[in-house]
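Here's the structure, in structure tokens; my notes come after.
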Amino acid sequence: MRSGSHFAQTVSSSPLVNSPCEKCNVAEMSLCHALSCDDLKKLSSISTGVEVGKGVTIINEMDPADFLFNVTGGSIKLYKLLPDGRRQMTGFLFPGDFLGIAMNDCYAYSAEALEDCKLCRFPRARLEELLKEIPDLENRLLNMVSNELVLAQDQMLLLGRKTAIEKVSSFLLSLSKRTKAKTGSGNVISLPMGRSDIGDYLGLTTETVSRTLTNLKKKGIVSIPTNGQLEINDLEELTDLAEGMD
């Protein structure tokens, strides 16, 4: 990674030994899912646990794609910089997600920690060798890449065809589904990103995002109990709004 990145100065790391993957609280959602104990030990042998603080750049667009990461704690925003300096948010990652997949030798986007984060870091070259040795690991990675493609298609629909209320409602529903997959309940969701980040992702202004969330709150569809959290009170109504049925 580029020496100018804050990542190198702020990250703390420790080798993963004694197969800590077996104790990972997001293993069922991550790259490690369904691997045997022996394969987990092989994977952990090339892994390093890293911690980054809020606002730290983890990868920079066009830097050499030397590492891949599994997110085990916190949340991350992904973005690309346009030629005129504007920023296009391309996604958000949460525990269980994979970061750093590149089709060539350089990262295609930048990634920044929205809050304090924990990750497992894998040297790309060593992981690629391990994929040849462990077919289940390769299949799992392919499934995760396929999921990324589905999310990218969903975002194209959000940007191209939906109104502001449909976009914001769809975004909240997607976070709810992710939360439910991990915890069993999607009523209370984490919202660590700012209104400007949500706007960049949905193609809306910060003011429009704030106004839309306020309207949803006034109608009782959602509540915002604390900063960084949102509670969905009427999932059916939010779904209808997302699908343009209201």
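The values are calculated or read from the model by the stated rules, or taken from the named source; none is laboratory data. These numbers were taken from a predicted model, which means no experiment stands behind them. In this analysis, Cβ positions are derived from the backbone assuming ideal geometry, glycine residues included, and neighbour counts consider all displayed protein chains. Just so you know, the surface numbers come from the protein's heavy atoms only, side chains and all, with ligands and any DNA or RNA stripped out. Shrake-Rupley method; radii C 1.70, N 1.55, O 1.52, S 1.80 Å.
Divide the volume of the convex hull around the Cα atoms of the stretch 117-165 by the residue count and you get 119 Å³ per residue. Note on the stretch 119-246: lysine pairs with Cα distance below 21 Å, sequence gap of 8 or more or different chains, count 9. Only DSSP H runs of four or more residues enter the estimate; each adds -39500 (n - 2.57), and after division by the residues of the chain the mean residue ellipticity at 222 nm equals -13000 deg cm²/dmol.
Between L81 and D105, the contour length at 0.36 nm per residue exceeds the Cα-Cα span by 6.8 nm.
Straight-distance candidates among the aspartates and glutamates for linking to K54, with alpha-carbon spacing under 16 Å and chain neighbours fewer than 8 residues away dropped: E112, E115, D116, D197.
Taking the Cβ of R87 as the centre, find all other residues whose Cβ is under 12 Å away and add up their charges (Lys, Arg: +1; Asp, Glu: -1). It would help to have the intermediate numbers written out before the result.
Values: positive: K77, K80, R86; negative: E61, D84, E112, D197, D200.
Within the 12 Å Cβ shell, the charges total -2.
In plain terms, the C-alpha convex hull of the stretch 136-246 casts an average shadow of 7.5 nm² when viewed from every direction.
With the convex hull drawn over the C-alpha atoms of the chain, the volume per residue is 131 Å³.
FRET efficiency for D240 and E61, Cβ-Cβ distance as r, R0 = 51 Å, nearest 0.05? With a Förster radius of 51 Å, E is 0.85.
Counting charges near N139 (Lys, Arg +1; Asp, Glu -1) among other residues having Cβ under 14 Å from its Cβ returns a value of -2. The three principal axes of the C-alpha atoms in the stretch 67-124 carry coordinate ranges of 34, 26, 13 Å, sorted with the longest axis first.
Candidates L158, N139, Y109 compared by Cα position along the dipole of the stretch 109-169: farthest toward the positive end lies L158, with charges placed on Cβ. Once the chain from E138 to S45 is taken as fully extended at 0.36 nm per residue, the excess over their C-alpha distance is 31.8 nm. Expressed as a whole percent, the accessible surface of the chain that belongs to carbon and sulfur atoms is 51, based on a 1.4 Å probe. Evaluating 6.51 cos²θ - 1.76 cosθ + 1.60 at θ = phi - 60° for every residue in the stretch 78-89, the Karplus couplings come out as 10, 7, 10, 9, 7, x, 8, x, 5, 10, 10, 6 Hz, glycine and proline recorded as x. A cut-off under 12 angstrom between Cβ atoms defines the neighbours of S174, and their net charge, with Lys, Arg +1 and Asp, Glu -1, is +3. Heavy-atom accessible surface of the chain, averaged per residue, reaches 52 Å², computed with a 1.4 Å probe.
Computed from point charges on the beta carbon alone (+1 for Lys and Arg, -1 for Asp and Glu), the dipole magnitude for the chain about its Cα centre is near 440 Debye. Distance between the pseudo-spin-label points of I224 and E115 (7 Å out from Cα toward the beta carbon): 1.6 nm.
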